[in-house]
Amino acid sequence: MKQWFKTMALAGSALALTGLALPAWADDDSLRIKNKIEEDFQYRDHVGLSKATTLGQSDLDKDFTPSGGMFDAVKIHAILRASYDATFQLNSGHFGNDAGGAISFNQNGIGAANQLPGSRTDAGPVAWGQGLNLRTLTDGLGTAGPGGPVVTFAPPGQHYVNTNFNMAGNPNQGLALLSGYSGEDRGIDMGVPVRPCDVDHRGCIKGYMDKNAQELAAPEFNKRLDFLREFYVDGSIPVGSNTLDLRLGRQQLVWGRTDLFRVLDVVNPIDYSRNNIYDENSDIRIPMGMLRADYRMGARGPFDDINVQGLWEFENFRPDDLGQAGSTNNPLQAADFFRGMKNCWDNGCTVNNFGAGGNLATNFAPGEIGIRTANIPHGLSHSTYGGKVEGELGGVGFSVNALSTYSQLPSLRGGIVSNDPFNSAAAPAIYPGVIAFDIAFPRVNLYGGSLDFNIEPIDTAIRIETAYTQGEEFANTARSRLFSESDVARYVIGADRNTFIRFLNPNRAFLFSAQMFGTHLMNYELHESPTGRYGMPDWQDNWVATLLIKAWYAHDTISPQLLAAHDFMARANTIEPSVDWQPSNLWRIKIGANMKFGAYKNAFDNDVGATPFAGMPGAAPTIAGGSSPPVALSAGQLAGLLPLGTFRTGILGMAHNESQLFASVALRF
């Protein structure tokens, strides 16, 4: 809030200075207002109603014609937007105040041959809080007894409670399984609080994923004043035969022309909580306060057109909105995992298939595993800046881009001080390989460019974008802090062609638009061992193809289309047929379905095989003199979909069980 007031103060100062620069203003009475009211409904498989949003939006533009001074044109632009999603009331059992409930885990078990009297080692359900307590391990905490390491379990009808795992403050209610819609496998699983943060504060991450019920249902009314979606001032200054265009205020800056996925278009963060990746980018970009300058030189030398652009983003950094555990959209289930891990750190938790070699549900006390905090860049010293040169040469449009910003996606950085779950007397320390993290958003530098041209013999427009980023961070179970940096090369090749299909429509061409996105990790690390695969769960190389086919009928008032996407490495697919009908200039009606299918559940090392604690069964014994040998990191002994297999499964595959029907009605006036 304070930062936004600073932003408005800066904008006001600029307006005042502009006013001083203009001897006189001429109001040309050109106020333009465009309004939209939209009702949007979605019905999701396994869940029911997943969206019931009423949205209102007004676009306002006002032109001024100065009669002197440095500007020859000035415009003020604003977009006001407000929405309310009734899903949190109409389907509160899945997404609102009543979401979640009591949970139990189907642990793998270690078999009857290993059972002790009164033990809970069999495969089957174990309730939240009833897992193995690591601090009840006896007989030397891994020292071999007559039949191997001896473990004491809770007697029937009882459960161990770790120190400070207070079931009264962290009860078995309002929880959902992290495995959620993906279904349990033999890997780890955990409980996730899924009610709004004003109803259940467990696992809420301050300043990042901590929305209350009102902010979930009416997201524009928040501390960042997002109901003021855009607000900026444009001014044009003649510079000889050239023009300097300035834009100051909250705005969207578009650097690319891709759909669904982004390569260059990364200046503004994205709100994936609205509809995952499936809304128009113009609707889900998060406008930011920035100063943009475009120096337009027109035709110059060999160039048919040449322009230079610079930008400085002064509003406080905002990451992509990935939703929140309990919200209607949660790409990659990242928000679920984060909230579950934050609850582990703050209040303790039960993790399924962790103890006894990845076979038993296990209790952890606060401060042993989980997410401690989110460190979000703040202040002008952490601002975004960059620029590009764009133009046209010989019929080929081009741009050369550079940007210094912060990763809009979070990184989990291990290597923080935590407690030893095997030894309550041990002082807090940094234990390599422990799944205890801070969330970070590292600074990244992007260098890229684009080309646009037509291939006349086949009447096809070609679009190419490339970007090379430095400083991105990725999960890596081969490193002691469980992450590492890698430079990343991304690219997309797109082709657009209007093609007649005479037997379907003899009078109007169909639009075919295809894209192939590619990603390559430059500093990739993946190891194969006799026990499994470990390192970076992301694919070193991956490709996603998209295809849009769009047609028009009835004087362009009815437009059916088909959108499809395929993730080659994850083998996951999405297909979205829809029909858009505009019976008049005022009304627009759209119906369709979004269907996911194909392979999913790509498993990967979950780090349970690491043995970072001296008292942990399987860990190397303490040597004479009190020092310990190097920690044994995971070698891929245990794997599952959660949490790191999600990176291999991808955003398409992780939505495998989120097929849905949708319908919207919009009135524009």
Worksheet item: Can you tell which of Arg490, Arg497, Arg481, Arg463 is open to solvent by 10 Å² or more (accessible area, probe 1.4 Å), basic (Lys, Arg), closer than 20 Å to Pro377 by Cβ and not assigned by TED's automatic domain parsing to the domain that holds Ile270?
Response: Arg481
Practice prompt. Would you check which residues across region 509-547 are modelled with pLDDT of 95 or more and in a loop (DSSP other than H, G, I, E, B) and list them?
Written response: Ala509, Met522, Asn523, Tyr524, Glu525, Met536, Pro537, Asp538, Trp539, Gln540
Worksheet item: What pairs can you find where one residue is in region 527-545 and β-branched (Val, Ile, Thr), the other is open to solvent by 60 Å² or more (accessible area, probe 1.4 Å), and their Cβ atoms are less than 8 Å apart, with a gap of 6+ or different chains?
Response: Thr531/Gln637; Val544/Met516; Val544/Phe568
Practice prompt. Identify all residues within region 26-55 that are surrounded by fewer than 16 Cβ atoms within 10 Å (Cβ to Cβ), under 30 Å from Asn594 (Cα atoms), out of contact with any His (no Cβ under 8 Å at 6 or more places or on another chain) and of a type outside the set (Ser, Thr, Tyr); write none if there are none.
Written response: Lys34, Asn35, Lys36, Ile37, Glu39, Asp45, His46
Worksheet item: Somewhere in region 307-315, is a residue outside the structural domain of Arg262 (by TED's automatic domain parsing), among the polar types (S, T, N, Q) and within 30 Å of Arg443 (Cβ to Cβ)?
Response: no
Worksheet item: Mind checking which residues of region 629-669 are touching a helix residue (DSSP H, G or I) at 6+ places or on another chain (Cβ under 6 Å), open to solvent by 30 Å² or more (accessible area, probe 1.4 Å) and of a type in the set (Val, Ile, Thr)?
Response: Ile651
Worksheet item: Got at least one residue in region 324-337 being surrounded by fewer than 22 Cβ atoms within 10 Å (Cβ to Cβ) and farther than 30 Å from Lys596 by Cα?
Response: no
Worksheet item: Condition test on Ala440, is it farther than 23 Å from Ala570 by Cβ and open to solvent by less than 40 Å² (accessible area, probe 1.4 Å)?
Response: yes
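If we scan region 376-390, do we find a residue that is open to solvent by 40 Å² or more (accessible area, probe 1.4 Å), closer than 30 Å to Ala299 by Cα, of a type outside the set (Ser, Thr, Tyr) and in a strand (DSSP E or B)?
There is at least one residue in region 376-390 that is open to solvent by 40 Å² or more (accessible area, probe 1.4 Å), closer than 30 Å to Ala299 by Cα, of a type outside the set (Ser, Thr, Tyr) and in a strand (DSSP E or B).
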Worksheet entry | Residue in region 410-433 that is surrounded by 20 or more Cβ atoms within 10 Å (Cβ to Cβ), in contact with a Ser or Thr (Cβ under 7 Å, 6 or more places away or on another chain) and at negative phi present | yes
Discussion item. Based on this model, can you work out whether Thr519 counts as touching a helix residue (DSSP H, G or I) at 6+ places or on another chain (Cβ under 7 Å) and polar (S, T, N, Q)?
Written reply: no
Worksheet item: If you scan region 159-181, which residues turn out to be at pLDDT below 75 and open to solvent by 10 Å² or more (accessible area, probe 1.4 Å)?
Response: His159, Tyr160, Val161, Thr163, Asn164, Tyr181
Worksheet item: Between residues in region 95-110 that are aliphatic (A, V, I, L, M) and residues that are assigned to a strand (DSSP E or B), which pairs lie under 6 Å by C-beta distance while being six or more apart or on different chains?
Response: Ile103/Leu175; Ile103/Leu177; Ile103/Gly191
Practice prompt. Being touching a residue at least 24 places away in the same chain (Cβ under 8 Å), assigned to a strand (DSSP E or B) and touching a Leu at 6+ places or on another chain (Cβ under 6 Å) narrows it down to one of Lys75, Lys62, so name that one.
Written response: Lys62
Fill in: Output for region 203-246, where each listed residue is crowded, with 17+ Cβ neighbours inside 10 Å and under 18 Å from Gly69 (Cβ atoms)
Val233, Asp234, Gly235, Ser236, Ile237, Thr243, Leu246
Practice prompt. Just name the residue that is nearest to Phe647 (Cα to Cα) out of those in region 548-592 that are part of a loop (DSSP other than H, G, I, E, B) and open to solvent by less than 40 Å² (accessible area, probe 1.4 Å).
Written response: Ala570
Worksheet item: If only one of Leu412, Leu446, Leu451 is outside the structural domain of Ile575 (by TED's automatic domain parsing), aliphatic (A, V, I, L, M) and either in a strand (DSSP E or B) or in contact with a Leu (Cβ under 9 Å, 6 or more places away or on another chain) (or both), which one is it?
Response: Leu412
Practice prompt. Pick out the one residue from Ser404, Ser411 that is in contact (Cβ under 8 Å) with a residue 24 or more places away in the chain, within 19 Å of the chain's Cα centre (by Cα) and under 30 Å from Glu313 (Cα atoms).
Written response: Ser411
Practice prompt. Using the structure shown, decide if Ala356 is open to solvent by 10 Å² or more (accessible area, probe 1.4 Å) and closer than 18 Å to Ser179 by Cβ.
Written response: no
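The values are calculated or read from the model by the stated rules, or taken from the named source; none is laboratory data. Everything numeric in this text was worked out from a predicted model, so none of it was measured. As a convention, Cβ positions derive from the backbone with ideal geometry for all residues, glycine included, and neighbour counts pool all protein chains shown. What goes into the accessible areas is simple: the full protein's heavy atoms, side chains included, and nothing from ligands, DNA or RNA. Shrake-Rupley method; radii C 1.70, N 1.55, O 1.52, S 1.80 Å.
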